[in-house]
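Read the figures in this text as sums done on the coordinates, not as results from a lab. Only a predicted model underlies this, so the values are computations on that prediction, with no experimental measurement involved. Neighbour counts run over all protein chains shown; Cβ positions are idealised from the backbone, glycine included.
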Amino acid sequence: MAIEQVIVTWAHLVSASIWVGGGIFLGVVLAPLLKRMPFSTEERLELMIKTGRRFNKIALPSLVILIATGIYNSHLVLQSPEILFSSSYGAFLITKIILVIALIVTFAVHIRVFSKDVEKKITERQIADNELQKLNRKGMILGETTVVLSVAILFFAALLDAGI
């Protein structure tokens, strides 16, 4: 049983590293770097979308693994539903679940805003400048929200692990 828990924890930590680390890289390293480059808004958005799509190939499976291993880990601790509503562990877990739901919704909206059709219109220069600016702003807000939620979820994971 101990080796099983080690593997589940390891998978959870690796997946969290991929998800959060990749998100921070995109938002804190790549996006500011692109702003300083002599690219048009279309070129910046196109590059961010292509990078995001490529990252999603490992990020989405990581998110699924995070959710599955998180449910498994919580199941081990929660022997009865009453613990969920009568302990600090339960309160932190409920908060973490709400944050994860908010993260999933934000991520889904982000994917929907930057659909293949939108990417094609950007690539073919079929979007007006004001619409590009709106898309750019939406992308920044959604990306920043995803990173903030991810970091907050990590904090609640640390609280749960510490048994506070």
Point to revise | Residue-span extension gain [Ala11 to Val113] - 0.36 nm each, minus C-alpha spacing | key: 33.7 nm
Check your understanding: Taking Cα pairs under 8 Å and at least six residues apart, what relative contact order does the range 1-69 come out at, in percent?
Key -> 64 percent
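Could you tell me the calculated FRET efficiency between Lys57 and Leu84, based on Cβ-Cβ distance and R0 = 30 angstrom, to the nearest 0.05?
My answer for the efficiency is 0.30.
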Practice item. Starting from the Cα of Ser40, move 7 Å in the Cα-to-Cβ direction to define the label point; list residues of the range 132-160 whose amide nitrogen is under 13 Å from there. Key: 132-133
Review point. Can you list the residues, at least 5 places off or on another chain, whose amide H is less than 5 Å from the amide H of Phe39, using H built in the peptide plane?
Key: none
Revision key, fill the gap. Connecting every pair of Cα atoms under 10 Å apart in the chain and solving the GNM, the largest mean-square fluctuation among Val20, Val147, Val29 falls on Val29
Check your understanding: Can you give the charge dipole size of the chain about its Cα centre, rounded to the nearest 20 debye, using +1 on the beta carbon of Lys and Arg and -1 on the beta carbon of Asp and Glu?
Key -> 540 debye
Exercise for review: For the chain, with a Gaussian network of springs between Cα atoms less than 10 Å apart, report the residue from Ala68, Ala91, Ala128 with the top mean-square fluctuation.
Suggested key: Ala128
Review point. Mean separation of Cα pairs under 8 Å and 6+ residues apart, divided by the residue count of the chain: what relative contact order is that in percent?
Key: 35 percent
**Study point:** Dimensions in Å of the chain - Rg and Dmax from alpha carbons
**Key:** 18.6, 58
Study note, to complete from the structure: Once phi for every residue in the range 23-35 is put through the Karplus expression 6.51 cos²θ - 1.76 cosθ + 1.60 (θ = phi - 60°), the whole-Hz ³J(HN,Hα) values, with Gly and Pro written as x, are x, 5, 4, 4, x, 9, 10, 5, 4, x, 5, 5, 4
Review point. Mind checking which of Glu43, Glu124, Glu144 has the largest fluctuation in a GNM of the chain, springs on alpha carbons under 10 Å?
Key: Glu124
Point to revise | Angle in degrees between helix 41-77 and the longest Cα principal axis of the chain, rounded to the nearest 10 | key: 10 degrees
